[in-house]
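> Input: one structure, supplied below.
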Amino acid sequence: MAEFLAGLDGATEIGGRCLSYGEGISYWPVTSAVKELLGASPDERLSELSLDPATAGALEPILGRQTLASSPEEIAWAVRKLLESVAADGPLVVVFDDLHWGEPVFLDLVEHIADFSRNAPILLLCMARPELLDRRSAWGGGKLNATNVLLEPLSADETEELIERLLSGARINASLRERILEAAGGNPLFVGEMLAMLAERGDGNGSAEIAVPPTIQALLASRLDQLEDAERRVLERGAVEGQVFHRGAVVALAPEEGHVDARLMMLVRKDLVRPEQSLLAGDDAFRFRHLLIRDAAYESLPKATRAELHERFADWLEENAPQLVELDEIVGYHLEQAYTYRSELGPLDDAARALAPRAAERLLAAAKRALDRGDLPAVESLAPRSVALAPRGSATHRDALLEQSRLLVEVADSARASEVLKELSASAERAGDARTYSRARLVELELQVAHDRTASMEAALAGAEEAESELARLGDDEGVAWALRLAGNFLGWLGNTAEAERRWARGLEHAKQAGSSGQIADILMWRAWALWWGPTPAVEGIRQSSEIIEQAVGNPNLEATATVVRGCLKGLRGEIDEGREDVRAGRARLFDVGQLVHWAGTAIIEADLELAVGNPAAAEAVLRESYEFMSSTAETGYLATIVDYRAVAALELGREDEALAFADEVERIAQPEDFEPHVCQGCVRARVLARRGEHDAAMKAIRAAVAIGEPTDYLATRTYAAISLAEVEGLAGHADGERAALQEALRLAEEKEAVLTADRVRELLGQLSDPISP
């Protein structure tokens, strides 16, 4: 560390600070830092740094642009890659201030950089109050590659030394010095502000009668009381914006004041504010020297004045900062504050009542974007505030309830989600709002399928189709895309992948017309998975997965998943080394960007390839790692399939008891309509029984498994079932049945263009034709 610090003279320094207000404003500090790093021409700078398209695309949300929806994990990964790219040319210092106000996804981003940027010369300097450790206790010690420094109060001797240095040879009364020393309590801000106040009053040599305020807050209030009225008004207007404020905002909030520039320069000379880098083109920015100065200026304003200024500032932002990232969150906060203060002052007039729906609409727009990118903590803040502000029975109130219900489904709070959906459906029905009613129905269907083991997939499909029809009648493209995505999912899970792909294709067109990046990304993700499990021939699947990769700019999760699928299809075609390279690269990317559930889930695709290659030990190793991770999470969608693949791998390794134990586990955890695990565990069970001579039981089990899979177009699953049937028939001495099953397996493998599997089946058929050795 000492060597690193010694070489920082030529280092690049960037930074940002967390806002003290507005929960749900997630990326403000990192946006400031990235924009400072990229300068006025971000695209040119990104090109100079030779960042790959996926990295550059994942940065789009924090630059105020959007392609496909990027998750918080992907944004953190992209920011880290950007910083590492810059640091390759020399040391980089990144300063983040006031982290105790940081939103959860921002703190996750900081932690990601600290944990994974091990080989780049990056100094990440983070400043926060001790209460940050209440939220991130691990940051208090024991974290690799990190050091904590606690700023203790100054000792009495250090405070004396500070007083002497600030006086620069001037003298003050000894009794006054002693009272300053005692009241400061080791706080250097108190000492500096007290001496500055004395200097401004001309009382530096003053008598012992001068009062010393008992607290820093009282001291700052006293100092602000000494300002000229015009200076104080300028300072108070700046405080409405926050610790950093813009000249243009002050002018708009203080139109009666002349000479604003002169007042600001005087405040700079008095060291109450300092120049700061502006976030708005063509404007100047200033920063309060300390947040407590800002707080003292703001708290001196009456509530009525605060309400008026917050509203005027929101209006100014809407007109002058349309390009500001997270504008909805900030405007929504200031309108919310204006409404809250007016509510506290007494009966509301029409103008005051109009603030609430304006605030609600802004917060709702922010909540929708946050949900699209998977920033659930932000949605947890923004959606309920929008619900509270929007007039009951209004369209905005219903939309806010809808977003809240979607969040509750995401976080698996099924009881609360059901309550919100009940209120939402009733409100929509009373208002005759068919659009919202149908969208609420889609959320309800997702909730039922995800959390109710008794829910019927067929009934869910019918519900999605009904909602689609109604939303199409209303011209709601995004709603239609959503309904078609769900219908496609249900069809795919029921085994009708070909029809699912047709629904997804239609849904994609509607999603593009609506400009819904979230729906586009979701549909492409499911299409990628279906290329692996469904009837699409391998060559066509490779082509389509490559197309998805090209469309996945800005969404490394989608790009990586499509790469894994493409790799498996290449391997099945016989391009084993190239296929493995794609699979491992894609899964490594998922791990790198923090998409650990998807990283673990794609283990089944890697295992499928290794089983086809004839390497069950490699399949079991990757599945075991995936199972250990997935068992520690609340995610259940992948788990049954992971376990059934473990059963297959164990049987291939000759571990029959272990294979049966896994088959039993599949029976316990798999949903009744999740047919694929039931097919595979039935095949495993039948093969073990047949090998142990229990032929009647084996035949019963294998016929049940084949019957489950036969109506579906999961070609790989049906191929495995046919191969298993052939083994059971052969061990029972039914040569004709064995040959017929292998011929069916060959037909299915050739239809999928699974060359490795087809070659294995041909070898088994060839063995049937060989004469029996004596």
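The values are calculated or read from the model by the stated rules, or taken from the named source; none is laboratory data. The structure presented is a predicted model; accordingly, all values stated were derived computationally and were not measured. Positions of Cβ are generated from backbone atoms using ideal geometry, with glycine treated the same way; all protein chains shown enter the neighbour counts. Keep in mind that these areas ignore ligands, DNA and RNA; they rest on the heavy atoms of the full protein, side chains included. Shrake-Rupley method; radii C 1.70, N 1.55, O 1.52, S 1.80 Å.
> Enumerate the calculated ³J(HN,Hα) couplings along region 334-339 in order (Karplus 6.51 cos²θ - 1.76 cosθ + 1.60, θ = phi - 60°), each rounded to whole Hz, writing x wherever the residue is Gly or Pro.
In residue order, the calculated couplings are 5, 5, 4, 5, 4, 5 Hz.
> Rounded to the nearest 0.05, what FRET efficiency do residue 291 and residue 388 give with R0 = 30 Å and r taken as the Cβ-Cβ distance? Could you check?
That pair, residue 291 with residue 388, gives E of 0.65.
> If one puts a single equal scatterer on every Cα of region 649-774 and applies the Debye formula without solvent, what log₁₀ I(q)/I(0) results at q = 0.10, 0.22 Å⁻¹?
For region 649-774 at q = 0.10, 0.22 Å⁻¹, log10 I(q)/I(0) is -0.30, -1.36.
> Just the accessible area for residue 305, please: 1.4 Å probe, Å², rounded to the nearest 10?
40
> What is the angle, in °, between the Cα long axis of helix 156-167 and the longest principal axis of the Cα atoms in the chain? Nearest 10 is fine, range 0 to 90.
60
> Working from Cα positions, state the angle (0 to 90°, nearest 10) between the long axis of helix 260-269 and the longest principal axis of the chain.
90
> So what is the 222 nm mean residue ellipticity for the chain from helices alone, if each DSSP H run of at least 4 adds -39500 (n - 2.57) and you divide by all residues, rounding to the nearest 500 deg cm²/dmol?
-22000 deg cm²/dmol
> May I ask you to derive the FRET efficiency for residue 280 and residue 621 from their Cβ-Cβ distance with R0 = 60 Å, giving the value to the nearest 0.05?
Step by step, r from the Cβ atoms, then E = 0.65.
> If you don't mind, another one. Assign unit charges at the C-beta atoms only (+1 for Lys and Arg, -1 for Asp and Glu), then state the dipole size of region 452-542 relative to its Cα centre in Debye, rounded to the nearest 20.
Rounded to the nearest 20 debye, it is 240 debye.
> For residue 13, which sequence-distant residues (separation of 5 or more, or a different chain) have an amide H within less than 5 Å of its own amide H, given hydrogens modelled in the peptide plane?
93
> Provide the per residue accessible area, probe 1.4 Å, for the chain, rounded to a whole number of square angstrom.
Averaged over the residues of the chain, the accessible area is 43 Å².
> I'd like the accessible area for residue 411: 1.4 Å probe, protein heavy atoms, all chains in place, Å² to the nearest 10.
The accessible area of residue 411 comes to roughly 60 Å².
> Given R₀ = 41 Å, what would the calculated FRET efficiency be for residue 175 paired with residue 133, taking r from the Cβ atoms and rounding to 0.05?
0.55
> Quickly work out the residue 262-to-residue 422 label distance, labels modelled 7 Å from Cα along the C-beta direction, and quote it in nm with one decimal.
About 6.7 nm, to one decimal.
> Using the alpha-carbon centroid of each, what span in Å lies between region 344-397 and region 28-89?
Each part's Cα centre sits 30 Å from the other's.
> Can you give the extra length, in nm with one decimal, that the chain gains between residue 144 and residue 167 once fully stretched, where that is 0.36 nm per residue apart less the Cα-Cα distance?
So the extension gain works out to 4.0 nm.
> Right, something else. What would the Debye equation give as log₁₀ I(q)/I(0) for region 310-353 at q = 0.32, 0.33 Å⁻¹, counting only Cα atoms as equal point scatterers?
Results for region 310-353 at q = 0.32, 0.33 Å⁻¹ read -1.08, -1.12.
> Next up: Considering the dipole of the chain built from charges on the beta carbon (Lys and Arg +1, Asp and Glu -1) around the Cα centre, which of 515, 58, 316 is farthest to its positive end?
After comparing all options, I get 316.
> Each residue of region 622-630 in turn: what ³J(HN,Hα) in whole Hz from Karplus with 6.51, -1.76, 1.60 and θ = phi - 60°, glycine and Pro shown as x?
Values per residue, Gly and Pro as x: 6, 5, 4, 4, 5, 4, 4, 6, 5 Hz.
> Just the accessible area for residue 662, please: 1.4 Å probe, Å², rounded to the nearest 10?
20
> In region 80-125, which trypsin sites (Lys or Arg not before Pro) fall in coil by DSSP and have 12 or fewer other Cβ atoms within 10 Å?
Sites meeting the loop and neighbour criteria: 118.
> With charges only on Cβ, +1 for K and R and -1 for D and E, what is the dipole size of the chain about its Cα centre, in debye, rounded to 20?
Using only the charged Cβ atoms, the result is roughly 580 debye.
> Relative to the present Cα-Cα distance, how much length would full extension add between residue 88 and residue 596 at 0.36 nm per residue of separation?
The residue 88-residue 596 span can extend by a further 180.1 nm.
> Given charges of +1 on the Cβ of Lys and Arg and -1 on the Cβ of Asp and Glu, with all other atoms neutral, how large is the dipole of region 86-216 about its Cα centre, in debye to the nearest 20?
With only Lys, Arg, Asp and Glu charged at Cβ, the dipole is about 140 debye.
> If you fit an axis through the alpha-carbon atoms of helix 395-410 and take the longest principal axis of the Cα set of the chain, what angle between them do you get, 0 to 90°, nearest 10?
Once rounded, one gets 60 degrees.
> OK, next. Near the amide H of residue 301, under 5 Å away, which other amide H atoms are found, from residues 5 or more places off or on another chain, if H is placed in the peptide plane?
Under 5 Å from the amide H of residue 301 lies no amide H from a residue far enough along the sequence or on another chain.
> Give the carbon-plus-sulfur fraction of the accessible surface of the chain in %, rounded to a whole number; probe 1.4 Å, heavy atoms of protein chains only.
Of all accessible area on the chain, carbon and sulfur atoms account for 50 percent.
> Using DSSP to call loops (not H, G, I, E or B), can you name the trypsin sites (Lys or Arg not before Pro) in region 359-430 whose Cβ has at most 14 other Cβ atoms within 10 angstrom?
Listed in order of number, the matching sites are 392.
> Which one, 748, 765, 707, projects farthest toward the positive side of the charge dipole computed for region 627-767 from Cβ point charges (K/R +1, D/E -1)?
Of the candidates, 765 comes out farthest on the positive side.
> So what J values fall out for region 645-656 if you push phi through Karplus, 6.51 cos²θ - 1.76 cosθ + 1.60 with θ = phi - 60°, rounded to Hz, Gly and Pro as x?
Per residue, the Karplus-derived 3J(HN,Hα) values read 5, 5, 4, 4, 5, 4, 5, 5, 8, x, 9, 5 Hz.
> Now for a different question. When the Kirkwood hydrodynamic radius is evaluated over all pairs of different C-alpha atoms of the chain, what value in angstrom, to one decimal, is obtained?
That comes to 30.1 Å for the chain.
> Note the full-extension length gain between residue 668 and residue 700 as 0.36 nm times their separation in residues minus their Cα-Cα distance, in nm to one decimal.
9.5 nm
> Okay, next question. Protein chains only, probe 1.4 Å: how do 350, 413 rank by accessible area, largest first?
350, 413
> Next up: What is the list of residues in region 436-453 whose amide nitrogen lies under 20 Å from a point 7 angstrom out from the Cα of residue 415, following Cα to Cβ?
Within reach of a label on residue 415: 444, 447-453.
> Continuing with the same structure: Any idea how many Lys pairs in the chain come in under 22 angstrom at the alpha carbon, given 8 or more places apart or on separate chains?
Within the chain, the lysine pair count is 5.
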